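What follows is a single structure, written as structure tokens, with notes after it.
Here, each number is a calculation from the coordinates, and none is a lab measurement. If you're wondering where the values come from, they're calculated on a predicted model, not measured in any experiment. Cβ coordinates were reconstructed from backbone atoms using ideal geometry, including for glycine residues, and neighbour counts include every protein chain displayed.
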Amino acid sequence: METVQIETESKKYPVFVGEGIIKELNAFLSKHFSTLTKILIITDQTVAGLHLEKLQSVLKTWNPVIFTAPSGEKAKTFEVFYDALSTALENRLDRNSVILSFGGGAVGDLSGFVAASFMRGIPFIQVPTTILAHDSAVGGKVAINHPLGKNMIGAFYQPEAVFYDLEFLKTLPIHEIRSGFAEVIKHALIADPNFYLWLKTDVHDLNSLTLEQLSDILVKGIRIKNEFVSQDERETGVRAYLNLGHTLGHAIESEMGYGNFTHGEAVMIGMVFALKLSNELLGLEFHLNEFTDWVKRLGYETNIPYQLSFESLIGKMKQDKKSVGESIRFVLLNEVGQPRLQEISETVLLNELNSF
């Protein structure tokens with residue numbers, strides 16, 4: 001088992017990574033919540049069918065309440081948020097209750113926002129079941145979606161702990177592995193050239209990743225995430241660098257309809273575009289063709305879906321959280337491991353999208 005200590009201005013908490021570490025959850029709850037009254041598990045339909053029974057067996061002495069959301073981004077709607085809060089109220093959770101987020105990034109975002117909102121904030125613990133959640137489960141950004149923008153309604157609210165049991169990753173379909181691995185590549189590009197080189201040299205088939213490799217990759221990604229979050233919990237500065245690829249990626253997700261295109265696969269297209277901008281606007285000497293050949297072999301699309309209009313994508317990008325006024329800001333790279341925020345005019349952006 002590996003333990004990474006996350007340190008933010010508001011809270012310090014552990015991330016436990018390893019096979020079978022879910023068995024330690026009961027002891028953690030007993031030790032840290034001596035007056036615990038109730039547990040609400042928020043999960044989704046897919047994870048519930050695969051793994052809920054295992055989690056319930058670990059927590060059987062608590063007889064947890066279960067709320068099951070739709071799978072994927074469909075979990076992050078006002079209606080589902082309202083229903084989850086209704087479940088908490090109907091089952092009389094109180095300030096000594098704990099919410100357990102059991103699923104991928106979407107469930108984590110929903111659960112954290114429910115926890116932040118219920119009685120103005122009760123504790124929650126992340127129990128991720130996807131690779132993508134190595135990014136989303138750490139750092140305390142929780143939110144739901146709005147038709148006009150992804151993650152636009154939410155809060156900064158840190159969990160009490162993260163239990164990352166690698167056993168749950170064994171059932172992931174390949175598109176979910178790709179989605180999560182895109183965020184791993186992002187962490188390497190913004191923070192660690194050697195990590196990026198190792199990934200590009202050693203990872204040729206996402207289906208053949210071993211649990212040992214996954215553990216190493218996830219722990220490295222979590223440590224990089226902590227470097228940014230510990231300096232800037234509420235994203236007023238360097239934490240924004242974690243959004244490499246997300247400005248265009250979120251716009252693609254929104255235009256395609258949430259849940260019709262995985263987060264990581266949309267972010268990959270956004271990263272390819274950001275790397276192109278970095279080469280052309282900042283003079284980055286990055287072998288973009290070599291990069292796109294690699295990620296295509298891993299199964300990624302690298303082009304914007306043909307049915308999307310650039311004008312609509314720009315409209316969505318103007319609503320991005322990093323944008324200020326009508327200015328669109330992208331995370332670009334001066335060098336691999338040296339990110340920066342760059343304002344780009346709409347005219348330049350439209351030209352770059354057309355040439356992309």
- Normalised alpha carbon radius of gyration of the chain [divisor 2.2 N^0.38 Å]: 0.96
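For n ≥ 4 DSSP H runs only, could you compute -39500 (n - 2.57) per run for the chain, divide by its residues and tell me the 222 nm figure to the nearest 500?
Values: 13 runs with 161 residues, N = 356.
Per the formula, -14000 deg cm²/dmol.
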- Query: What's the center-to-center distance, using Cα atoms, between the range 1-65 and the range 149-197 in Å?
  - Reply: 18 Å
- Work out, step by step, the length gained on full extension between Leu282 and Asn91: first 0.36 nm times the residue separation, then minus their alpha carbon distance; give nm to one decimal. 63.2 nm
- Note on the structure: Of all DSSP beta bridges having both residues in the chain, the percent classed as antiparallel (nearest 5) is 50 percent
- Task: Check the straight Cα-Cα distances from Lys318 and name the aspartates and glutamates below 12 Å, setting aside those fewer than 8 residues away within the same chain.
- Result: Glu326, Glu343, Glu346
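Percent relative contact order of the range 23-154, based on C-alpha pairs within less than 8 angstrom and at least six residues apart?
Values: 223 pairs, mean separation 31.9, N = 132.
Dividing the mean separation by the residue count of the range 23-154 yields 24 percent.
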- Pairs Lys38/Lys316; Lys54/Lys74; Lys141/Lys170: which are spaced more than 32 Å apart, C-alpha to C-alpha? Lys38/Lys316
- Just name one of Phe78, Ser57, Ser215: the one whose Cα is farthest towards the positive end of the charge dipole of the chain (beta-carbon charges, Lys/Arg +1, Asp/Glu -1). Ser57
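Which GluC sites (Glu not before Pro) in the range 245-335 sit in a loop by DSSP (not H, G, I, E or B) and have at most 14 other Cβ atoms within 10 Å of their own Cβ?
Taking the range 245-335 and a limit of 14 other Cβ atoms within 10 Å, the loop GluC sites (Glu not before Pro) found are Glu285, Glu326.
Where the only charges are on Cβ atoms (+1 Lys, Arg; -1 Asp, Glu), what is the dipole of the range 2-171 about its Cα centre, to the nearest 20 debye?
For this selection, approximately 320 debye.
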- Using a cut-off of 17 Å between alpha-carbon atoms, which aspartates and glutamates can reach Lys60, once sequence neighbours fewer than 8 places away in the same chain are excluded? Glu24
- Over the range 174-355: Rg over Rh, Cα atoms, Kirkwood Rh: 0.94
- Return the single residue from Thr43, Thr130, Thr171 with maximal mean-square fluctuation; model: Gaussian network over the chain, springs between Cα atoms under 10 Å. Thr171
- Message: From Cα pairs below 8 angstrom and at least 6 apart in sequence, can you work out the relative contact order of the range 174-355, rounded to a whole percent?
- Response: 26 percent
- Message: Just to confirm the filter: which trypsin sites (Lys or Arg not before Pro) across the range 56-164 are DSSP coil and have at most 12 other Cβ within 10 angstrom of their Cβ?
- Response: Arg92, Arg95
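Taking 8 Å as the Cα distance limit and 6 or more residues as the minimum spacing, I'd like the relative contact order of the chain as a percentage. Let's see the in-between values first.
Values: 649 pairs, mean separation 54.4, N = 356.
After rounding, I find 15 percent.
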